[in-house]
Every structure is written in C-alpha cells, then in structure tokens.
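Undergrad: My questions all concern the structure below.
The values are calculated or read from the model by the stated rules, or taken from the named source; none is laboratory data. Just so we're clear, the structure is a prediction, and the values are computed from it rather than from any experiment. Here Cβ is always computed from backbone atoms with ideal geometry, including for glycine, and neighbour counts include all displayed protein chains. These accessible areas exclude ligands, DNA and RNA; they are computed on the full protein's heavy atoms, side chains included. Shrake-Rupley method; radii C 1.70, N 1.55, O 1.52, S 1.80 Å.
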Amino acid sequence: MAGAEPPQVFLVTLEAVEAPGDAPLTVLAFARAGDESAARAAAVAELESFGWRDIRALRVGELIDRSALPDDFRDAVANADRFGCGLIVYDEP
C-alpha cells in the first residue's frame with residue numbers, strides 16, 4: 001500500500017540474565033505493539049522464549065523518528081516490523 005505508515009514500534013530497555021549464575025545484561029528490544037504495555041509484554045515474552053530469566057523492563061518509549069536511529073539499530077527495528085520484536089544484547093553487564 002503506497003504511503004502507508006510504518007507499524008508502531010516501541011523501544012524497551014531491559015535487564016535480564018541469560019544463564020543461571022550470569023550477571024544481568026542490558027537488552028534493547030524494539031517491539032511492534034499498540035501501546036507501551038503491550039510493547040513491554042512483547043519484549044519480555046521474546047526474552048523468555050530464549051530462556052532468559054530475572055527480566056526487568058526499565059524503560060519504554062515509542063520510536064518516533066526512525067531516520068534518527070544509529071545504523072546498528074536498523075536491523076533490530078526491521079525485525080520488529082517483520083516479526084514483532086528485534087533485540088540488541090549488550091554483552092557487557
């Protein structure tokens with residue numbers, strides 16, 4: 001459909017533990033959702049599906065200006081558009 005708006009995507013900042021005994025890592029989740037609550041739930045569910053634990057959502061905000069995103073975020077946002085959620089995991093606690 002020409003001129004269609006891109007889906008509404010939210011950025012959810014989380015802390016979570018990937019494996020028992022590991023330190024919590026920061027995760028950025030780009031979640032396609034209708035509101036902040038649904039985005040938070042989608043991000044948590046995505047991490048849970050990979051076996052992550054002790055998941056805490058710290059912040060949620062709507063992605064307003066996609067053109068302002070750093071290049072290294074674009075693939076995760078494209079995954080959110082296509083699959084519902086895209087993750088970036090920071091491998092340092």
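Undergrad: Project the alpha carbons of the stretch 39-82 onto their principal axes and report the range along each, largest first, in whole Å.
TA: Principal-axis extents of the Cα atoms in the stretch 39-82, largest first: 32, 19, 16 Å.
Undergrad: Around ALA41, under 13 Å between beta carbons, what's the net of Lys plus Arg minus Asp minus Glu among the other residues?
TA: -2
Undergrad: Around LEU25, with a cut-off of 12 angstrom between Cβ atoms, what is the net charge of the other residues, counting Lys and Arg +1 and Asp and Glu -1?
TA: Surrounding charge for LEU25 is -4.
Undergrad: Explain nothing, just the number: relative contact order of the chain, from Cα pairs under 8 Å at least 6 residues apart, as a whole percent.
TA: 37 percent
Undergrad: At a 1.4 Å probe, what is the % contribution of carbon and sulfur to the accessible area of the chain?
TA: On the chain, the fraction of accessible area on carbon and sulfur atoms equals 49 percent.
Undergrad: Looking only at the stretch 64-93, which residues have a backbone nitrogen under 19 Å from a spot 7 Å from the Cα of ALA19 in the C-beta direction?
TA: 89-93
Undergrad: What does the accessible area per residue of the stretch 1-83 come to in Å², with a 1.4 Å probe and no ligands, DNA or RNA counted?
TA: The answer is 61 Å² per residue.
Undergrad: Sticking with this structure for a sec: Where the only charges are on Cβ atoms (+1 Lys, Arg; -1 Asp, Glu), what is the dipole of the stretch 32-75 about its Cα centre, to the nearest 20 debye?
TA: That gives a dipole near 120 debye.
Undergrad: In addition: Could you list which residues have their amide H under 5 Å from that of LEU69, counting only those 5 or more apart in sequence or on another chain, with H placed in the peptide plane?
TA: When sequence neighbours closer than 5 places are left aside, there are no close amide H contacts.
Undergrad: Mind checking the angle between helix 36-49 and the chain's longest principal axis? C-alpha axes, 0 to 90 degrees, to the nearest 10.
TA: 50 degrees
Undergrad: In whole Hz and in residue order, list the ³J(HN,Hα) couplings for the stretch 82-92 that follow from phi through the Karplus curve 6.51 cos²θ - 1.76 cosθ + 1.60, θ = phi - 60°; x for Gly and Pro.
TA: Per-residue couplings from phi come out as 7, 10, x, 7, x, 10, 10, 10, 8, 7, 10 Hz.
Undergrad: Taking θ = phi - 60°, what integer Hz values does the Karplus form 6.51 cos²θ - 1.76 cosθ + 1.60 yield along the stretch 11-18, in sequence order, with x for Gly and Pro?
TA: Running phi through 6.51 cos²θ - 1.76 cosθ + 1.60 with θ = phi - 60° gives 9, 10, 9, 10, 10, 7, 10, 6 Hz.
Undergrad: I would also like to ask the following. Order LEU63, LEU87, LEU14, most accessible first, counting only protein heavy atoms with a 1.4 angstrom probe.
TA: LEU87, LEU63, LEU14
Undergrad: Let me ask you something else. Can you give the log10 of the normalised intensity I(q)/I(0) at q = 0.16, 0.21 Å⁻¹, computed with Debye over equal Cα scatterers of the stretch 1-69?
TA: Taken in order of the listed q values, log10 I(q)/I(0) reads -0.56, -0.83.
Undergrad: Something else about it: Karplus couplings for the stretch 50-66 from phi (6.51 cos²θ - 1.76 cosθ + 1.60, θ = phi - 60°), rounded to Hz, Gly and Pro as x?
TA: 9, x, 5, 10, 6, 7, 10, 7, 9, 8, 9, x, 6, 7, 9, 10, 4
Undergrad: Also, I was wondering about something else. Just flag the chymotrypsin sites (Phe, Trp or Tyr not before Pro) in the chain sitting in loop per DSSP whose Cβ has no more than 12 other Cβ atoms within 10 Å.
TA: Answer by residue number: PHE50, TYR90.
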